[in-house]
1. Looking at the structure I just gave you, is residue 378 without any contact (Cβ under 8 Å) to a residue 24 or more places away in the chain and open to solvent by less than 70 Å² (accessible area, probe 1.4 Å)?
2. Taking the criterion of being under 23 Å from residue 380 (Cα atoms), of a type in the set (Phe, Trp, Tyr), touching an Asp or Glu at 6+ places or on another chain (Cβ under 8 Å) and free of Cβ contacts under 8 Å to residues at least 60 places away in the same chain, would at least one residue in the range 306-325 satisfy it?
3. If a residue counts only when it is over 23 Å from residue 178 (Cβ atoms) and either of a type in the set (Gly, Ala, Ser) or open to solvent by less than 60 Å² (accessible area, probe 1.4 Å) (or both), which helices (runs of 4 or more DSSP H) contained entirely in the range 1-114 have at least 1 such residues?
4. For residue 308, indicate whether it is closer than 30 Å to residue 3 by Cβ and part of a helix (DSSP H, G or I).
5. Anything in the range 346-363 that is surrounded by fewer than 17 Cβ atoms within 10 Å (Cβ to Cβ) and farther than 14 Å from residue 324 by Cα? List them, or say none.
6. Pick out, from the range 137-234, the helices (runs of 4 or more DSSP H) lying fully within it that include 2 or more residues that are open to solvent by less than 30 Å² (accessible area, probe 1.4 Å) and not basic (Lys, Arg).
7. Mind checking which residues of the range 267-293 are open to solvent by less than 30 Å² (accessible area, probe 1.4 Å) and of a type in the set (Val, Ile, Thr)?
Amino acid sequence: LHVAAAHYANTDIPVMVLALLALTPIVSVLREGAWRHYVMGGLLIGLATATKYNAAWLGVALVLAHLIRTSATGAPWPERVGFPKLWLGMGLIVIGFFLGCPYALLDWKTFLASVQKLRWELMTSEYHFASYRVHGPGHWFVLTSVLPSAVGLPLTIVSLIGLGSALWKRRSEDLWLAGVVLTFIGYVGMWDIIKPRYFIYILPLLLLLAARWCVELADRLRAVPIRVAALVAGWGLLVATPIQAIVQFDRQVAQIPVAVRALAWMERHVPSGTPVAVAAGVPLVPNKASIRRQLEEIRAKGIGQGIRLQRLARYVSSLPATYDVWSLPYPWREDFDPDDLDFAKHRQAGVRYVVVTDEMEQYLADPSRYPVHAQYYTAVRDAGRLVQEFRGQRPDVDPGLGTEEYVLIYDVGKS
């Protein structure tokens, strides 16, 4: 998972770096509890949360570290909970968050509304992703699907054994690691949508427990050469599965994506300026008229200012091929509107080609859940003529998406 995520310019790897940096002073809170450890831990948790919201769970790691350390001293509960260092650390999480994401303070109404909407969508069936949906108990899904897809089945098994060993031995560091992992799994396991990359900064903690158990097991061997050989052999067996997955992923990601191949075909065979309805994922460049229309729609819906489109408008005239693009948004996007998938409207506007991706098949498979998309794509398939298709293998980053992807280009021009 970590190697795959590192190929993409998104928030997963940065949040993992900040999260692991934050865990360093939190471990010092567990062992020493100096003021500086609470300060650095709180600020780094805040910055990590500003990078990706699910890092806020690191606040639980700080609280657990504080409670485990103070309980060892025999301090009464009021003193443990009201300890000024803990409140300082928790307050600095908020300050660190606003330092990293000042928008949340400058436009707090929009921020609160968006957080509430995201929370509702993740924990209910309102999150209209055709993939990633959890079928069955979420906690079981984490153990049987998410973790094996992220680190491989052998490492998953050993990590869970290490987790059980930590709970059995009840050392302070082990209890802290196990507490952070279990509370996170317990919380995320209640969601309706669970992606492996949600666990990207939790997995190192699980692997640490696995490594600790392996070393303790090997330490039972008295002869040093035998102990080293056992550790090396065990390591080789455990990493064989993820190494194989990494090699396969690198081979897949090195291929030309089907969307890029489809774009090249469009630029060769479809005249610039042609009206085209296109699903997200195929990067057709809109012309100035299309940009103006999209900007008006964005502002009318109150979902932003369309900064990217405004910048694109400055140099779009210098590009060799631009189109009158009519976007076909996914149902989970904030710019989704049923009017965007009105096939009759598109034909009246002169749309000649409709470009769809493999998500079409997922919407057609569940028309009761995605009625607008299913109706639109059915109309395209019935009224249009398939003129070109591009198929390939998608890099396998998350379970649920599948590894085959395609782009279909339909000619829907009126005869």
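1. Details: without any contact (Cβ under 8 Å) to a residue 24 or more places away in the chain: yes; open to solvent by less than 70 Å² (accessible area, probe 1.4 Å): yes.
Yes.
2. Applying the first criterion (under 23 Å from residue 380 (Cα atoms)) to the range 306-325 yields 322-325.
Add one more test, that the residue is of a type in the set (Phe, Trp, Tyr), and what stays is 323.
Next, from what is left, pick out any that are touching an Asp or Glu at 6+ places or on another chain (Cβ under 8 Å): none.
No; the residues of the range 306-325 include none that is under 23 Å from residue 380 (Cα atoms), of a type in the set (Phe, Trp, Tyr), touching an Asp or Glu at 6+ places or on another chain (Cβ under 8 Å) and free of Cβ contacts under 8 Å to residues at least 60 places away in the same chain.
3. Values: elements: 2-5, 12-31, 35-51, 58-72, 77-81, 84-100, 103-106.
By residue number, 2-5, 12-31, 35-51, 84-100, 103-106.
4. Numbers: closer than 30 Å to residue 3 by Cβ: yes; part of a helix (DSSP H, G or I): yes.
The answer is yes for residue 308.
5. Just the residues of the range 346-363 that are surrounded by fewer than 17 Cβ atoms within 10 Å (Cβ to Cβ), to begin with: 348-350, 361.
Residue satisfying the conditions is 361 alone.
6. 147-151, 153-169, 172-188, 203-218
7. Within the range 267-293, 270, 274, 276, 278, 282, 291 qualify.
Residue-wise test of (1) modelled with pLDDT of 80 or more; (2) of a type outside the set (Ser, Thr, Tyr); (3) outside any loop (DSSP other than H, G, I, E, B).
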| position | (1), (2), (3) |
| --- | --- |
| 325 | yes, yes, yes |
| 331 | no, yes, no |
| 336 | no, yes, no |
| 345 | yes, yes, yes |
| 350 | yes, yes, no |
| 354 | yes, yes, yes |
| 362 | no, yes, yes |
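The values are calculated or read from the model by the stated rules, or taken from the named source; none is laboratory data. Remember, it's a predicted structure, so these values are computed and weren't measured experimentally. Note that we place each Cβ from the backbone using ideal geometry, even for glycine, and neighbour counts take in every protein chain shown. For the accessible areas, the whole protein counts, side chains as well, though only heavy atoms, and no ligand, DNA or RNA atoms are used. Shrake-Rupley method; radii C 1.70, N 1.55, O 1.52, S 1.80 Å.
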